[in-house]
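Below is one structure; the comments refer to it alone.
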Amino acid sequence: MTIESMQPEGSSGKRSRKRFPALCRFIGTFILIAIILAFLPLTLPRAVGWEVYEVVSGSMEPAIPVGSAIYVKAASPEEIETGDIIAFQKNGSVITHRVAQNHPEEKEFITKGDANRTEDMTPTPYGSLIGKEIFHIPYAGVLMTVLSGTAGKIYAVLFAVGGVLLRMLGGILEKQGGEKGDGV
């Protein structure tokens, strides 16, 4: 007894010829969307005037873990209240600590890292204030630092080119598959 296939010859090949171009286009689109989403946390906040910094020390743990991205909005010293987290310049570095006291008459803040036992040794002058923390994203700072560096930008461009090429390949294969199918 012989069993013959109920499918016409070559039908599974036609299906795979249609799936591969769609897969190429899908992966290409996915890569392009992933790149855009990876750069949004860097670019969008800056467009509204916020600064983004990576937290590199544990002085604000557990509230803000090392490697977090912290978003800072410019603020006047008079707006800053006890308990606010501020970013300020100190010895060429950006420090993020909580305000323990605001002394308007001396035009300075007394700050303290949450993980530190005591307040910072020297007061922070109003002129050193960068701004007030709006929010932070734990562990996102490391990724953002990599992406904003030269190597990260080169990789992003290469991935974007790969995504575009995959989309183009999918389009070409789809067009060729349609032309071959017309003659059958």
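Taken together, the values in this text are just the output of simple stated rules run on the coordinates, not laboratory data. Only a predicted model underlies this, so the values are computations on that prediction, with no experimental measurement involved. Backbone-built Cβ (ideal geometry, glycine too); neighbour counts: all protein chains shown.
In order along the range 50-55, the phi-based Karplus estimate (6.51 cos²θ - 1.76 cosθ + 1.60, θ = phi - 60°) of 3J(HN,Hα) comes to 8, 10, 10, 10, 9, 7 Hz; Gly and Pro are listed as x. The string of couplings for the range 124-138 from the Karplus curve (6.51, -1.76, 1.60, θ = phi - 60°) is 9, x, 3, x, 8, 5, 8, x, 10, 5, 8, 6, 9, 10, x Hz, one whole number per residue in order, with x for Gly and Pro. Would the range 122-172 count as rounded, prolate or oblate if I go by the C-alpha gyration tensor, calling it rounded below 1.5 in a/c and otherwise prolate when a/b exceeds b/c, oblate otherwise? It is prolate, given that a/c is not under 1.5 and a/b is the larger ratio. Expressed per residue, the C-alpha convex hull volume of the chain stands at 182 Å³.
One Cα centroid belongs to the range 57-71, the other to the range 93-162; the line between them spans 9 Å. Between the beta carbons of Leu158 and Phe20, assuming R0 = 22 Å, the FRET efficiency works out to 0.45 to the nearest 0.05. Taking each DSSP H run with n ≥ 4 as -39500 (n - 2.57) and averaging over every residue of the chain yields -15500 deg cm²/dmol at 222 nm. In this Cβ point-charge picture (+1 for Lys and Arg, -1 for Asp and Glu), the chain has a dipole of about 1280 debye about its Cα centre. Taking 7 Å steps out from each Cα toward its Cβ at Tyr139 and Ala47 produces label points 2.8 nm apart. The angle between the Cα long axis of helix 11-47 and the main principal axis of the chain comes to about 10°, on a 0 to 90 degree scale.
Relative to the longest principal Cα axis of the chain, at what angle does helix 150-182 sit, 0 to 90 degrees, rounded to 10? The angle comes out near 20 degrees.
Give the shape of the range 77-139 as rounded, prolate or oblate, defined through the alpha-carbon gyration tensor: a ≥ b ≥ c are the square roots of its eigenvalues, a/c under 1.5 means rounded, and otherwise the shape is prolate if a/b is larger than b/c and oblate if not. Cα axes put the range 77-139 in the rounded bin. For Ala115, the amide hydrogen comes within under 5 Å of the amide hydrogens of Met60, Glu61, counting only partners 5 or more places away or on other chains and with H modelled in the peptide plane.
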